[in-house]
Amino acid sequence: MTKILTAVSSALAAERLIGPVGDLARRLGAEVLVVHVSRPSGGQTREQEEVEGEKAVRVLQEGIVSMGVSVQTLLMFSDDIAQAILTTAEEQKVTLICLGLTGKNVFARLLAGNVPVELIRNTKIPVLLFPPDYKLPQ
């Protein structure tokens, strides 16, 4: 079975990914694993990070399930977000990693690190990136 890992950073990012990831999974007959990785030292308390991560995962899960696709979820804390995603992808034997780009400015990317680049550099699993303003063709 095809399994798509979709890493999501926020509820807003999750909303943007519902259509494209749900549509892709449905066409491929794939199961989706929605993952949120928080940095323990991200400037918020662990409880706040957990609440925001749960919200992001729930938004994407509910949206994709409503499209008739099977979804599993996973919340994690790690100082190395890209490595946590890669390890999970390998352990779960996923066949595709999907990410939605947030459109952050260059300064924000330098502060947060560039997870998409690290994923592409360090995996043999295909990585599909959706631009921030991507919408499914009508």
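The values are calculated or read from the model by the stated rules, or taken from the named source; none is laboratory data. Since the model is a prediction, treat every value here as computed from it, not as a measurement. Every residue, glycine as well, gets a Cβ built from its backbone with ideal geometry; the counts of neighbours run over all protein chains shown.
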> Just one of Gln61, Gln72, Gln92 is free of Cβ contacts under 8 Å to residues at least 60 places away in the same chain and surrounded by fewer than 19 Cβ atoms within 10 Å (Cβ to Cβ); which is it?
Replying inline: Gln72
> Restricting attention to segment 75-90, which residues are acidic (Asp, Glu) and assigned to a helix (DSSP H, G or I)?
Replying inline: Glu90
> Pairs, please: C-beta under 7 Å, at least 6 apart or cross-chain, first residue more than 12 Å from Ile4 (Cβ to Cβ) and without any contact (Cβ under 8 Å) to a residue 24 or more places away in the chain and in segment 120-138, second of a type in the set (A, V, I, L, M) and surrounded by 13 or more Cβ atoms within 10 Å (Cβ to Cβ)?
Replying inline: Ile120/Val127
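Output the number of residues of segment 4-17 satisfying the condition of being crowded, with 20+ Cβ neighbours inside 10 Å and either modelled with pLDDT under 95 or closer than 19 Å to Ser78 by Cα (or both).
Residues of segment 4-17 crowded, with 20+ Cβ neighbours inside 10 Å: 4-9, 13-14, 16-17.
Next, from what is left, pick out any that are either modelled with pLDDT under 95 or closer than 19 Å to Ser78 by Cα (or both): 5-9, 13-14, 16-17.
The total comes to 9.
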